[in-house]
Every structure is written in C-alpha cells, then in structure tokens.
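Down below is the structure, laid out as structure tokens.
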Number of protein chains: 2
Amino acid sequence: MNILEKITQNKAAFSKSERKVAEIILANPQTAIHSSIATLAKMSDVSEPTVNRFCRRLDTKGFPDFKLHLAQSLANGTPYVNRHVDESDGPGEYTNKIFESTMASLEVARQSIDVNTVNRVVDLLTQAQKISFFGLGASASVAHDALNKFFRFNVPVVYFEDILMQRMSCMNCSDGDVVVLISHTGRTKSLVEIAQIARSNDATVVGITSADSPLSKECTYVLSLEVPEDTDMYMPMASRIAQLTLIDVLATGFTLRRGNKFRENLKRVKDTLRGSRFDKRDL
Amino acid sequence: MNILEKITQNKAAFSKSERKVAEIILANPQTAIHSSIATLAKMSDVSEPTVNRFCRRLDTKGFPDFKLHLAQSLANGTPYVNRHVDESDGPGEYTNKIFESTMASLEVARQSIDVNTVNRVVDLLTQAQKISFFGLGASASVAHDALNKFFRFNVPVVYFEDILMQRMSCMNCSDGDVVVLISHTGRTKSLVEIAQIARSNDATVVGITSADSPLSKECTYVLSLEVPEDTDMYMPMASRIAQLTLIDVLATGFTLRRGNKFRENLKRVKDTLRGSRFDKRDL
DNA sequence: ACACCAAATGTAGTAAAATTACAACTTGCA
DNA sequence: TGCAAGTTGTAATTTTACTACATTTGGTGT
C-alpha cells in the first residue's frame, strides 16, 4: 500500500512527536527522501531515534527502508489514486484528477481481467463467420469503436445503435456467429433480451460487462471488468475507457493469431510458386 | 527518466567492472534496492568504490541516491513504458502490454495538455447555443461518445457520422455555436474543410488534434494531445483513449461551471434511465 | 618489444549515517 | 503522592558510504 496514505490513516495512532514527523513528511515528501535522519529530525524538532521509531511503526525495517518506500510512493505513476473531483477544483486540478483516476481505473481493470477468457474469445473471434458489436447509451460508442477496429481486418462485422436493428440482426444469427454485447452495468433490459435472442439462434454471445449481472448470466463467455463504480457525479465513466482498452486487446489478439496463419499461408503460396520457376542453381 | 532503461542504454559506455554491476542490478533490481553497497559490491565481484562510481556515472549523487532512483523505477505503476507487443507474446503478455502502454500514453497526454486552453474551451461550451461533435473513422466513436456525455446536460448537441450531414450542419451555424472537431492526425481533408465552413459561418471551432496540423490551423482553439505515434502495427490507437479522457475533462469542467441547479438536472436524467434497467434488488 | 601514459580498479582510512541501549521525562491513575 | 506505562532524548556503537591514494591494466608510439 502507498505509504503516504498509510501515514495519513495511522495519524491517530501516532504519538505527539511521531505526528510532528508525519506532518513534515506529508508536507514535503520530496525533501524527505533526500534528507538524512538527522536533517529530518531537526526539521521535525524531534530526536533521531524518534524518526527511526516512526519508520518502524509503519512496518519498515528502518529509516533507509522507509525512504525507499516513500520514494516508491512518490514515483511517477504510483499516485494514481482515484481522486475525486470536487466543486472547488480549478481546471488544472480536475484535468489531472480525471487523467489520474482514469489511469487508476485502467490499472484495476487490468488486474481483474481473466486472461484465459480473453484467449478463448480471441479464438472464437478468429473463427467467427460474422461478428456483431452492440451496446446502448455510453457503451454504444464503444461498440462503434470496435466496429472500426475489426472492420480493418476484412471480417464481416456488424454494428447497430438501434434496438430493433440489433434484434433483427440477432434473429438472423446462426452457428458460427459471435455477438459481443457491451454494457457496464449489465442491467439494460433490451440488451439482455438481445443476448437471449442471439443464443437461441445458435450464436455465441460474449459479454463485456460486470460479473454476476443479469446480462452476464445470458452470455456464453463473460469478459468482466471490475472498474470502480462511478459513484461520484463528477466522475467520468472510466468503464468505457476500460472497455475500449479491452477491445484493443481483443483486436491485437486477433491480429496476432491471424498473422501467424497468414504467414503460413504466404509460405505455402511461395512453395507453390517454386514449381513454376527456375531454381537459383539452374541459372 | 527510468533509471533501469538508462542503465540498459548506457551499457556500452560502462567499463568492464561497471558492467558487472549493471548486470547484477538488472538481473535482480528488487534485491539491489535492499542491499548495502558492500553486499552489492561482493555480488558483482568488484570493489565498493566501483559501485559508487557506477552510481555517479548515472548522474546520481551516490549510492543511496541511486537506490532511491532505482526504487522509483521499480515502483508499482512506473514501468508503464510503451512496451510494444511482439509476435511471440501470449494472451497474458499482450493484455498487460496494451493496458500499460495505454496508461503510459495517458500520462504523456496529461502532461502535454494546456490547462488554459481547457479552461477557455469549457467557458465557450457553457455559453454555446449549440455544440457539434464531428470526427471521422476512429475519431467518429469519440465524437459519438461526446454526444452521449453532453446530451445529458440538456444542451443542444449535434453529432453526425456522415460528411454531407456534417457540412450541412456547419453551413447552418451561427454566432454562438461551437463546433468540436476530432482528428488524431489533423490531416483529414474533409474535416479541414468543415472547419473552414464552420468558421466562415461565425461558429467557434475547437480542434482536438495534434499541434501544427492542417486542421489545427483552421481552428479557433486547439486542444493538442501529444500522444506517442502509433507506429507499431499491433499498437492500438491510444490517441482515441486520450481524446475520450479529454472529453471527460471538458464535460467535468462543464458540470462544475454550471453549478448546483444544473446538477439536480443531471440526477433527474439518471433517475429516468432507471426504468429501462433491472434493479439491483431484482437479482 | 619496451616504456610510458591514461584509464580503471582496488585498499585502507575517514566521515557520515543509522541504530541500539539506556536514562530521563511525561502522563494518567490509584 | 507515587508508581507504572508509555514517550522522548542522549550518548555510544555499529553499520554504511565516501575519499584519497596506491596498484593494476590496457593501449600507443618509438
């Protein structure tokens, strides 16, 4: 865990002098990591052993070890904590907060992804006769993006924003078709219905949605993304970003998989051509 | 810069013994940060001053300072380096690489954003009579997403995928209208034309595009995102993600500026959606 | 091939930093 | 008031890092 947060949390448990040290470090962590224990003791107006005890209380081996932890907390990237925007924030603040929370959400999403399912879905997609991407509301643009990506692969791809078109499309599904349904909550009624229609027409249904949702129960495969809930009103839907990134992952997997096959194919063509050519040694 | 990369890069410039130290550190950086200079010297089979000189050569103040840098490089999150996917990668690897490069790109984008322009654009949007979002290809889905976000604000928002519709819409622009054009490269001809049409009809044109592009020259305001170029074939378009996040930033700025009354309105929109969803307690 | 110079490396001593053990001081409670 | 538990500081010890200088290595020109 981030040691800066830890200091803030344990603040109550510290003794008076230890708290002095905590204040100084929190106020100026960058200085702290470049100071010796003596300097820091003087700044906090306590003795050196007090600083040392402070470090130990935070489960570090001693002052140098503490500095290491602190340095890591301060390292670029780590402090991507889900910081919420509040009303008093200026443009600089909310810009940074949003970027940082987005990155934090991506990190959480990354860790929650089940690689095996990704692999199976990629497998499925490469073998699909037709791929459909459907989503509603905020997820519609994600489906839209997926269309863009997969369209380049020269595969039959389908995307509709309209519920009725989505339904009709699913009714025409058959064995070998893959329907990818995107929904953060997984509670959108019409999308759940579409999953049922697609399944009853022998299509494989892949859900990019949250686990244990009504939608996930209707899917053949579920790629769940555990993105922190967008509880805050100002909070952007980080889930979309995670979904898009997941689409990127699928598209990449697709390219890699098809790439291999494609290269083998190339080689076979070359071999076939050889017969119609003069060999090098014949020259 | 990440010190681990630095070590790898400068490897050639090192002396024989220094290289020994480099090898040991690269092979086991986690151990290195918890070792004293003496231990590390013994492991590398060199003398202590050699280790010290090694540290100095990397522009650190000495061994402790070097450890600090190393710790930061090893910190969770920092190694979000743009790692490229290669053909031999398995699902686990490419998934991680894509998430990490996306995060890395977001970080770069964050640093490149001009907050003042963000502020001015938010200002503009809050006062706009009508807001249009246009993009083509991959950027179309970003515009689509923007539509979704701003639609909730109960502001007249327009979005078209069709070039002709985009043109016509811009021809009907008037003073007070804001047209947001999204394009990673900023070299899409028809989008540049649309910018010109919109401007000549007194609309304010905001470009979410790269600086110094043809499109940027036609815009009233440019929000440039310096996202690393997607050179690699397997590389996903991280630029879209950055654009989306920027849209989030604008939307958030918009909400903040509009104040309390407006936020109540937002809540009402959310409540309305409830009817189309399965309730949590229904499970 | 040899001598010489410069760069690289190591040795030993020194300075600095961190830790330990213990003493003195608070603080709360009987 | 006095004592016990917890807190803080002092001083000595140990560990760690650094510096100055000596030795070695490798390369270059005669």
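Count, please, the residues in region A:113-132 that happen to be within 11 Å of chain B (Cβ to nearest Cβ) and touching a residue at least 40 places away in the same chain (Cβ under 8 Å). Please lay out each step first, then the result.
Residues of region A:113-132 within 11 Å of chain B (Cβ to nearest Cβ): A:113-123.
Filter again for touching a residue at least 40 places away in the same chain (Cβ under 8 Å), leaving A:113-114, A:117-123.
Summing the residues that are within 11 Å of chain B (Cβ to nearest Cβ) and touching a residue at least 40 places away in the same chain (Cβ under 8 Å) in region A:113-132 gives 9.
Quickly run through region B:125-150 and pick out the residues that are outside any helix (DSSP H, G or I), modelled with pLDDT of 90 or more and open to solvent by 10 Å² or more (accessible area, probe 1.4 Å).
Hits for region B:125-150 are B:A128, B:Q129, B:K130.
I'm told A:E23 meets every condition in (1) among the acidic types (D, E); (2) within 21 Å of A:L74 (Cα to Cα); (3) touching a residue at least 24 places away in the same chain (Cβ under 8 Å) except one. Can you identify the failing condition by its number?
Single failed check for A:E23: (3).
Which is outside the structural domain of A:S15 (by TED's automatic domain parsing), under 17 Å from A:V180 (Cβ atoms), at pLDDT below 85 and not small (G, A, S), of A:F153, A:F160?
Numbers: A:F160 fails: at pLDDT below 85.
Every option except A:F153 fails the conditions.
Hey, among A:D202, A:D177, A:D212, which residue is surrounded by 21 or more Cβ atoms within 10 Å (Cβ to Cβ), charged (D, E, K, R), out of contact with any helix residue (DSSP H, G or I) (no Cβ under 6 Å at 6 or more places or on another chain) and in the same structural domain as A:T252 (by TED's automatic domain parsing)?
Result: A:D177 is the single residue among A:D202, A:D177, A:D212 that is surrounded by 21 or more Cβ atoms within 10 Å (Cβ to Cβ), charged (D, E, K, R), out of contact with any helix residue (DSSP H, G or I) (no Cβ under 6 Å at 6 or more places or on another chain) and in the same structural domain as A:T252 (by TED's automatic domain parsing).
Is region B:73-81 home to any residue that is at pLDDT 85 or above, closer than 15 Å to A:L68 by Cβ and out of contact with any Asp or Glu (no Cβ under 8 Å at 6 or more places or on another chain)? Reasoning before the result, please.
Taking region B:73-81 as the starting set, the residues that turn out to be at pLDDT 85 or above are none.
Checked region B:73-81: no residue is at pLDDT 85 or above, closer than 15 Å to A:L68 by Cβ and out of contact with any Asp or Glu (no Cβ under 8 Å at 6 or more places or on another chain).
Quick check, is A:L164 out of contact with any Asp or Glu (no Cβ under 9 Å at 6 or more places or on another chain) and surrounded by 22 or more Cβ atoms within 10 Å (Cβ to Cβ)?
no
Among the helices (runs of 4 or more DSSP H) lying completely within region A:1-104, list those that include at least 3 residues that are away from chain B (no Cβ under 12 Å), within 28 Å of the chain's Cα centre (by Cα) and more than 16 Å from DNA strand D (Cβ to nearest atom).
Because the criterion is at least 3 residues that are away from chain B (no Cβ under 12 Å), within 28 Å of the chain's Cα centre (by Cα) and more than 16 Å from DNA strand D (Cβ to nearest atom), the helices (runs of 4 or more DSSP H) in region A:1-104 that meet it are A:3-10.
In region A:32-51, what count of residues is obtained for those that are open to solvent by 30 Å² or more (accessible area, probe 1.4 Å) and near DNA strand C (Cβ under 9 Å from one of its atoms)? Write out each step before concluding.
Of all residues in region A:32-51, those open to solvent by 30 Å² or more (accessible area, probe 1.4 Å) come to A:34, A:36-39, A:42-43, A:45, A:47-49.
From what's left, near DNA strand C (Cβ under 9 Å from one of its atoms): A:36-39, A:47-49.
Qualifying residue count, region A:32-51: 7.
Would you say A:V85 is at pLDDT below 90 and either farther than 21 Å from A:A195 by Cβ or open to solvent by less than 20 Å² (accessible area, probe 1.4 Å) (or both)?
yes
If the requirement is being in contact (Cβ under 8 Å) with a residue 60 or more places away in the chain and among the aromatic types (F, W, Y), which of these qualifies: A:F54, A:F66?
After ruling out the rest, the residue left standing is A:F66.
Looking at region A:22-31, is at least one residue touching a Ser or Thr at 6+ places or on another chain (Cβ under 9 Å) and open to solvent by 80 Å² or more (accessible area, probe 1.4 Å)?
Scanning region A:22-31 turns up at least one residue that is touching a Ser or Thr at 6+ places or on another chain (Cβ under 9 Å) and open to solvent by 80 Å² or more (accessible area, probe 1.4 Å).
Condition first: of a type outside the set (A, V, I, L, M, F, W, C), open to solvent by 40 Å² or more (accessible area, probe 1.4 Å) and under 25 Å from B:A198 (Cβ atoms). Can you find one or more residues in region B:66-78 that meet it?
The answer is no, given that none of the residues of region B:66-78 is of a type outside the set (A, V, I, L, M, F, W, C), open to solvent by 40 Å² or more (accessible area, probe 1.4 Å) and under 25 Å from B:A198 (Cβ atoms).
The values are calculated or read from the model by the stated rules, or taken from the named source; none is laboratory data. As the structure is a prediction and not an experimental result, all values here were calculated from the model. Heads up, the Cβs are rebuilt from the backbone with ideal geometry, glycines too, and the neighbour counts pull from every protein chain shown. The accessibility values were calculated without ligands, DNA or RNA, using every heavy atom of the protein model including side chains. Shrake-Rupley method; radii C 1.70, N 1.55, O 1.52, S 1.80 Å.
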